[in-house]
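J.: Structure incoming, see below.
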Amino acid sequence: MTSRRPDNFDGLGYRGRDDPAYSGGYSGRSFNNSSSVDLQNWVTTPPDIPGSRNLHFGERTPQFEAAPAAPGAEDALPTAPPSEQLNRFAGFGIGLASLFTENVLAHPCIVFRRQCQVNYHARCYHLSPLTAVSVMYNVTKSQGPKALWKGMGSTFVVQGVTLGTEGIISECTPLPRELSHKWNPKQVIGHLVLKGLTCVVAMPFYSASLIETVQSEIIRDNPSILDCVKEGVGRVMGMGVPHSKRLLPLWGLMLPTVLHGVLHYVVSSTVQRLVLFLLRRKSPAKQPVDGSETVQTMLDAYFPELMASFVASLCADVLLYPLETVMHRLHIQGTRTIIDNTDLGFEVLPINTQYEGIRDCVNVIRREEGALGFYKGFGSIVVQYSLHAAVLQITKVIYSTLLQNA
């Protein structure tokens, strides 16, 4: 077979035989008579490929060649901060502790608070956390530990429906899901409209979750998580468990539900931004110098947002507590729900109210129960946020200790 290579082709490059680099005594390539300038055009050493060297047993291919450090340079270098993996673990753990407290550990307080709000028979308003804790203990003692953990799965269903509905509406409409720093009144109105529509869609599921939360454990039949979805759809379609004629239609519940949801979001968002601004202004970002300041800087990066969220939720719940009481009473009316006796914790009571709407509910509560009737069960909210604050502080101390010893 005849070779197709030209006669003047060598193995390293394709140059004519008249090239000065080939002025040696033979026709192949020669570097004997080449100048240093000519040799720079040739690759004389192969690249350092990891694993391409002949190593002895136990040796490793060097990946990087570090330049020798100057004398005294080690003293000038600052102390190395905690690893990125530890930082992520700390942030995840702190956020998980706060999330666990808000949705799991505080659920018994939410159950008792809602039972007090809808109990128009109650003579003890439980404005103090001491009386609230005493009755909660009696309920747990008489009905078991599950008595104050009922309906927790349905609350997660409501949160999932709310997040999913908000995402779908924001994708299908021009309504913004989040507000940028350069917002305008049109964007704010559209954002609040999105929140209101989300409350309307989640309203029947919220009503079903409320019934599961306040229903006495004595007459419950171990409902599943999907019962909340089934009851919510049945409430919309007019099917499911038969209710009394005092049951208010969904359009009659729309005003208090949307009003409470939007106002709660506005108050919590405003307070959260204000508190976060004050915390960051009080303790500006600093460059860490030693290990302790590094730990403190990292903790300051996580805890301001958690504390701002904590204060925002507390302010919104306290300010809107009377409206929440009215909303819960309207939602529970006509559902034939039997709740625990919040005065003693050993009996059950039926709910037989006849409110015609939000205005009538406000007037009846003010006339028959007084102004403090809107704050029934307020002691449980004190217990809830005291527990939340304690968990945040304990978590901060634990992670501060771990990071300092790391």
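Coordinate-derived values only; no laboratory data. Since the model is a prediction, treat every value here as computed from it, not as a measurement. Cβ: placed from backbone, ideal geometry, glycine included. Neighbour counts: every protein chain shown.
J.: At a Cα cut-off below 28 Å, give the lysines reachable from Lys141, other chains included and same-chain residues fewer than 8 away excluded.
T.: Lys150, Lys376
J.: Tell me which lysines have Cα within less than 21 Å of Lys186's Cα, excluding those fewer than 8 residues away on the same chain?
T.: Result set, ordered by chain and number: Lys195.
J.: Work through the residues other than Lys195 whose Cβ is under 11 Å from its Cβ and net out their charges, Lys, Arg +1 and Asp, Glu -1.
T.: Residues close to Lys195 contribute a combined charge of 0.
J.: Still on this structure, I have one more. Sticking with the crude label model, points 7 Å out along Cα→Cβ, report the distance from Val348 to Leu192 in nm, one decimal please.
T.: Going by the 7 Å Cα→Cβ label model, 4.3 nm.
J.: To continue, here is another question. What's the ranking of 168-181, 307-320 by average number of surrounding C-beta atoms within 10 Å, highest first?
T.: Ranking, from highest mean packing down: 307-320, 168-181.
J.: Related question: Would you mind calculating the gained length between Glu368 and Ile394 on full extension (0.36 nm times residue separation, minus the Cα-Cα distance), in nm to one decimal?
T.: Full extension from Glu368 to Ile394 adds 5.0 nm.
J.: Which order do the peptides 106-117, 148-159 come out in when sorted by mean C-beta neighbours inside 10 angstrom, highest first?
T.: Answer by packing, highest mean first, reads 106-117, 148-159.
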